[in-house]
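To start, the structure under review is shown below, and the notes come after it.
The values are calculated or read from the model by the stated rules, or taken from the named source; none is laboratory data. None of the values given here were measured: they were computed from a predicted structure. Note that each Cβ is placed from the backbone with ideal geometry, even for glycine, and that neighbours are counted across all protein chains shown.
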Amino acid sequence: MHTARHDLTFNLRDAIVLGIVAAVGALISDDVVGALAAALLWSIWRYLRNVGGVPIVAAALTFQWMQVTVGIWYQGLTGRALDTMVKSDYRPMVLIGLGCVAALALGIRLGISLLERRRLSTPFHDLYALSWPTLITAYAATTALQGAVGFYAYLVPGLTQPMLALRFIRLGVVFLIVRRLTMPDIRIVPMMTIVLLEVLFGLTGYFAGFREPLVMVGVAFYEGFKPRNLRHWLVAGALAILMAGLATMWMSIRRDYRSSFDDENFAASRERQLDRIGELGSVWWRESRDPAETDRLIDRMWTVYYPALAVSRVPSTLPHTGGALMGAALTHVFNPRLFFPTKAELQSDSEMVRKYSGVWVAGAEQNTSIAFGYAAESYIDYGVPMMFLPVLVYGLFVGLAFQFLASRLSHEELRVALLTVVFWLTLYLFERSWVKTLGLAGTLLIYLGLPALLLDQYLSRWEARRHRDRLPDIYVASEMH
C-alpha cells in the first residue's frame, strides 16, 4: 500500500457542489454566515478527507467547526435564540472562528503538500507482530494503569508530560482493536462490547473520558464502512446516537457530577460514580424534553460567548497586546519543566476571560477554568487580519509533522494508530489556549511520535533479518523440487 497524492484541483463539478452546499447552509441557518460555514466544511472534507490514509484531520477540524457554528444551526432549525445571541454580538466572533479553522486547514494542507512533493511514499506493511493476545493484553494493561499513571505523573513535575503522554497509548490500542473488528467485515458483538466498556470506563472520572475512545471507534469504523451494507448503516446510526446522547448528557450533568468529587470516598469508588451518573442521567432524560434546557445545552456547546465579549471590548476598551500572549505561550512551551523545574504554573484561563470579556467567571478559587481559546487570544494579540497568520503557521507545522510521520512509518497499524491519536488530540478543540495547544502538540510528537519512529525502524530490521534467515531454507526447498 502507498499513500496517494491527493487531488487538489477545483473543477466545474466542485464549483457546482460547493454552490449547492453553500445555498443549503444559508437556507438552514437563514444567514449568510451559514453559507460560509457550509462551504468551509465541504472544503475541509474535499481536501483533507483521507490524508495519510485516515480521516482524522478532517474529523478534528469538523469538531472545531461545530464548536464555532452549532448555535446558528440550532437557531435556524428551531427558531429559538440562544443566550449568546441575546447577550453578545456573536456574529463577528463566529466569522473569526471560521477564519481560524480555515487558516488552520489551509496551513495543514500546505504542509502536507510540501512533503508530498519532495519524497516518495514508503510501502506499508502489516504489523503482524501484534497478535490478538498481544492487543488484548495491551488493552487490559493500559486500562489498569490509567489511574496509577495519572496519579504518579504529578509527583515528579519534570516527568509529568511524558508520563501523561503514555496514557494516550491506550487510545491507540482501542483504535487498533476496533479497526480489526471492522475489517474486512464488521463483527458487531465484540465491537459493541468494547464500546460499552469504554463508555462505562469513561464515565467514571472527572472529565469526559468516553469522548476520545468513542472518536477512535468512529474513525476505525469509518475506514471499514461499506455504504451498500445495511448492517454498517445500522451500526453507524447506533454509534452516532450514542455519541450524541452521551455528549449532550455530559454537558448537562457535568457540574453536578464533578461537585461530587469533593467527597474523597466518592472519588475513589467507581461503583458510586456510576450510580451518580445513573441518577443524574435519569434527571437529564426527564428534563431533556424541555426546550429551555436544550437551549442551555446548545449554548454551552457553542464556545463563542466569552470570546465574542472580548472582541467587543478590544480594542475599544482594552488595546491589542502586540503578541504578548503568544510570546508568553512560546516562552512557557520552550522551557520544559524537565529542565526548568521552578517554572511558574500555568495561569487559569479564567483570569484572561475576566480581564478581556469583563465577566467575573469561576476560576482557580472554585478549582475550575473557563475556556477562552486560541482564536480569542490571537485576536487580542494582533486583531484582524494579522491574527490568522500564527494560526496558518501552526497549521503548516502540523501538516509537515503529519506528512513526515505518515511517510516515514512503514507499518500500517502503527502508522494509522499514531496519526489518529496524535492529530485528533492536537487539533480538535477550538477553546484550547495557545500554550496548551502548543504544549500538547509538542508533548505528543516527542513522547509518542519519536518512539513510534524508533519502533518502526526496529521492526523493519527484525523483519529483514528474519527474511534473510529464511532464504537458505527456501533455496534448499527449491533445489529439492
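Residue 392: surrounded by fewer than 22 Cβ atoms within 10 Å (Cβ to Cβ) and either farther than 30 Å from residue 322 by Cβ or acidic (Asp, Glu) (or both), yes or no? Break it down into steps so the answer makes sense when it comes.
Numbers: surrounded by fewer than 22 Cβ atoms within 10 Å (Cβ to Cβ): yes; either farther than 30 Å from residue 322 by Cβ or acidic (Asp, Glu) (or both): no.
Considered against the rule, which asks whether it is surrounded by fewer than 22 Cβ atoms within 10 Å (Cβ to Cβ) and either farther than 30 Å from residue 322 by Cβ or acidic (Asp, Glu) (or both), residue 392 comes out as no.
Of all residues in the range 17-38, which are in a helix (DSSP H, G or I) and closer than 26 Å to residue 374 by Cβ?
If we filter the range 17-38 for residues that are in a helix (DSSP H, G or I), which is where we start, we get 17-29, 32-38.
Within the range 17-38, 25, 29, 32, 33, 34, 35, 36, 37, 38 qualify.
Looking at the range 288-333, which of the residues that are under 18 Å from residue 248 (Cα atoms) and among the small types (Gly, Ala, Ser) is modelled with the lowest pLDDT?
288
Could you say whether any residue in the range 443-450 is at pLDDT 95 or above and of a type in the set (Phe, Trp, Tyr)?
no
List pairs: first residue in the range 269-282 and among the aliphatic types (A, V, I, L, M), second residue assigned to a loop (DSSP other than H, G, I, E, B) anywhere in the structure, Cβ distance under 9 angstrom, at least six positions apart or on different chains.
What qualifies is 274/204; 277/204.
Among the residues of the range 216-254, write down those that are among the β-branched types (Val, Ile, Thr), farther than 17 Å from residue 294 by Cβ and touching a helix residue (DSSP H, G or I) at 6+ places or on another chain (Cβ under 6 Å). It would help to see each step written out before you state the result.
Filtering the range 216-254 down to residues among the β-branched types (Val, Ile, Thr) leaves 217, 219, 235, 241, 248, 253.
If we keep only those that are farther than 17 Å from residue 294 by Cβ as well, we get 217, 219, 235.
Listed by number, the residues that qualify are 217, 219.
Which of the residues belonging to the range 265-280 are assigned to a helix (DSSP H, G or I) and either surrounded by fewer than 18 Cβ atoms within 10 Å (Cβ to Cβ) or charged (D, E, K, R) (or both)? Let's see the steps before the verdict.
Here is the first cut: in the range 265-280, the ones assigned to a helix (DSSP H, G or I) are 265-267, 270-280.
Result: 265, 266, 267, 270, 271, 272, 274, 275, 276, 278, 279.
Considering only the range 218-245, how many residues are of a type in the set (Gly, Ala, Ser) and surrounded by 12 or more Cβ atoms within 10 Å (Cβ to Cβ)? Quick ask: steps written out before the conclusion?
We begin by selecting, within the range 218-245, every residue of a type in the set (Gly, Ala, Ser); these are 218, 220, 224, 236-238, 240, 244-245.
Add one more test, that the residue is surrounded by 12 or more Cβ atoms within 10 Å (Cβ to Cβ), and what stays is 218, 220, 224, 236, 238, 245.
Summing the residues that are of a type in the set (Gly, Ala, Ser) and surrounded by 12 or more Cβ atoms within 10 Å (Cβ to Cβ) in the range 218-245 gives 6.
Return the only residue of 61, 41 being assigned to a helix (DSSP H, G or I) and either surrounded by fewer than 22 Cβ atoms within 10 Å (Cβ to Cβ) or without any contact (Cβ under 8 Å) to a residue 40 or more places away in the chain (or both). Break it down stepwise before answering.
Details: 61 fails: either surrounded by fewer than 22 Cβ atoms within 10 Å (Cβ to Cβ) or without any contact (Cβ under 8 Å) to a residue 40 or more places away in the chain (or both).
Residue meeting the stated conditions: 41.
Would you say residue 95 is within 15 Å of residue 64 (Cβ to Cβ), at pLDDT 60 or above and outside any loop (DSSP other than H, G, I, E, B)? Full working, then the answer.
Numbers: within 15 Å of residue 64 (Cβ to Cβ): yes; at pLDDT 60 or above: yes; outside any loop (DSSP other than H, G, I, E, B): yes.
So residue 95 passes the test.
Go through 430, 397 for me and flag whichever is under 30 Å from residue 179 (Cα atoms), crowded, with 22+ Cβ neighbours inside 10 Å and not charged (D, E, K, R).
Values: 397 fails: crowded, with 22+ Cβ neighbours inside 10 Å.
Step by step, each of 430, 397 is checked, and only 430 is under 30 Å from residue 179 (Cα atoms), crowded, with 22+ Cβ neighbours inside 10 Å and not charged (D, E, K, R).
Return the pair list, or none, for Cβ contacts closer than 7 Å from residues in the range 193-217 that are more than 19 Å from residue 251 (Cβ to Cβ) to residues that are of a type in the set (S, T, N, Q) and buried (at least 21 other Cβ atoms within 10 Å of the Cβ), at least 6 apart or on different chains.
Here the result reads 216/420, each pair linking the range 193-217 to a residue that is of a type in the set (S, T, N, Q) and buried (at least 21 other Cβ atoms within 10 Å of the Cβ).
Cβ contacts < 7 Å: first residue farther than 17 Å from residue 332 by Cβ, restricted to the range 158-176; second residue assigned to a helix (DSSP H, G or I) and acidic (Asp, Glu), any location; separation 6+ or different chain. Result?
Taking only residues 6 or more apart or on different chains, the pairs are 171/212; 174/198; 176/413.
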